[in-house]
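Everything below concerns the one structure shown next.
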Amino acid sequence: MSLLLVTRGDGVATVTLNRPEAMNALSRALRAELAAAMRELAADHSVRAIVLTGAGERAFTAGLDLKELGADTSNLGAANAEGAEENPVRAIELCPQPVIGAINGVAITGGFEVALACDILIASTHACFADTHARVGILPGWGLSQKLSRVVGISRAKELSLTGNFLDAEAARDWGLVNRVVAPAELLPAAQALARDIASIDPATVRTYKRLIDDGYALPLGEALALEQRVSGAANRRVTAEEVEARRLAVIARGREHSGPR
């Protein structure tokens with residue numbers, strides 16, 4: 001059985017972690033396959049958006065395979081992002097295409113870090129999140145200690161990370177961690193529909209806009225606004241009046257489709 005499933009269609013790639021019997025735990029082999037797949041998709045210009053999910057309804061991913069780590073302490077280097085070839089979080093972050101995490105079950109510790117690497121999160125009602133690094137006795141090396149506080153606030157991040165308690169899907173939505181919560185059967189269709197919406201936009205614009213948001217988010221506001229001025233000024237000068245008019249008409253037509261007859 002393949003550890004990773006990748007399907008393509010309509011400009012969207014769907015990547016499924018496929019170790020349901022092990023709660024999609026990130027073994028060394030799965031980490032390497034996921035990182036390689038994300039790098040391959042990043043270089044594929046026919047792919048305009050990516051959906052990442054887990055097989056089954058129990059787990060998105062339970063994080064690093066603790067049985068594997070416990071059998072050989074040299075494997076703990078994986079928790080410190082050592083070995084770029086098997087660092088899936090970095091590979092996800094470097095994708096120029098937007099990555100939508102369809103969180104179908106638990107996202108625990110390293111699995112939580114994989115979720116945080118995605119650009120957008122949609123959760124099943126079965127989803128929940130937990131940072132158990134402290135309970136296992138290790139510290140995160142894939143970004144969780146810094147990213148989580150920026151998403152949910154520093155006090156909430158400390159509550160999660162210093163207790164190891166679980167956060168259910170509804171609370172995750174209320175805290176701003178996930179965009180929406182849907183029934184399990186609706187999760188993948190909802191994520192793929194969102195991905196197709198993204199794929200319907202000029203891919204060069206999407207990639208530039210995603211990078212602008214990410215780069216600006218890492219800066220103080222004043223520097224981020226200056227960055228936007230530089231990037232938008234250079235990009236907008238290359239847009240022709242004909243392109244703007246064609247896209248304006250397309251936006252109007254799409255709006256009519258969504259609003260329906262009046």
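Among the residues of the range 186-197, is any basic (Lys, Arg) and in a helix (DSSP H, G or I)?
Yes, some residue in the range 186-197 is basic (Lys, Arg) and in a helix (DSSP H, G or I).
Within the option set ALA190, ALA195, ALA183, being touching a residue at least 12 places away in the same chain (Cβ under 8 Å), exposed (fewer than 15 other Cβ atoms within 10 Å of the Cβ) and in the same structural domain as GLY56 (by TED's automatic domain parsing) holds for one residue only, ALA183. Taking the range 18-47 as the range and being touching a strand residue (DSSP E or B) at 6+ places or on another chain (Cβ under 7 Å) and either farther than 18 Å from LYS67 by Cα or not assigned by TED's automatic domain parsing to the domain that holds ILE108 (or both) as the test, the residues that pass are GLU33, LEU34, ALA37, LEU41, VAL47.
Taking the residues in the range 107-147 that are charged (D, E, K, R) and either in a loop (DSSP other than H, G, I, E, B) or not assigned by TED's automatic domain parsing to the domain that holds PHE60 (or both) as candidates, determine which candidate is farthest from PRO88 (Cα to Cα).
ASP131
Going through (1) closer than 21 Å to ALA107 by Cβ; (2) modelled with pLDDT under 95 one by one, ASP202 falls short only on (1). Regarding LEU167, is this residue over 24 Å from THR53 (Cβ atoms) and not in a helix (DSSP H, G or I)? Here the answer is no, as LEU167 does not meet what is asked. Applying the condition of being under 16 Å from the mean Cα position of the chain (by Cα), closer than 20 Å to GLY176 by Cα and touching a residue at least 60 places away in the same chain (Cβ under 8 Å) to the range 122-147 and asking which residue is surrounded by the most Cβ atoms within 10 Å (Cβ to Cβ) yields ALA127.
Filtering ALA185, ALA91 for residues that are more than 15 Å from the chain's Cα centre (by Cα) and of a type in the set (A, V, I, L, M) leaves a single hit, ALA185. Being under 19 Å from CYS95 (Cβ atoms) and touching a Ser or Thr at 6+ places or on another chain (Cβ under 9 Å) is a condition met by at least one residue of the range 212-230. With respect to ARG8, is the statement that it is crowded, with 18+ Cβ neighbours inside 10 Å, over 17 Å from LYS210 (Cα atoms) and not hydrophobic (A, V, I, L, M, F, W, C) true? Criteria not met by ARG8. Mind listing whichever residues of the range 226-246 are outside any loop (DSSP other than H, G, I, E, B), surrounded by 10 or more Cβ atoms within 10 Å (Cβ to Cβ) and either in contact (Cβ under 8 Å) with a residue 24 or more places away in the chain or of a type in the set (A, V, I, L, M, F, W, C) (or both)? Across the range 226-246, the qualifying residues are ALA226, LEU227, VAL231, ALA234, ALA235, VAL244, ALA246.
Remark: GLY56 matches the filter, which requires a residue to be at pLDDT below 95 and either on the phi > 0 side of the Ramachandran plot or of a type in the set (Phe, Trp, Tyr) (or both).
Sub-9 Å Cβ pairs linking a first residue in the range 80-107 that is closer than 17 Å to THR16 by Cα to a second residue that is of a type in the set (Phe, Trp, Tyr) and modelled with pLDDT under 95, at least 6 apart or interchain, are ASN87/TRP142; PRO88/TRP142; VAL89/TRP142, ordered by first then second residue.
The values are calculated or read from the model by the stated rules, or taken from the named source; none is laboratory data. Remember, predicted model here, so these are calculated numbers, not experimental data. Cβ sites come from the backbone with ideal geometry, for glycine too, and all protein chains shown count toward neighbours.
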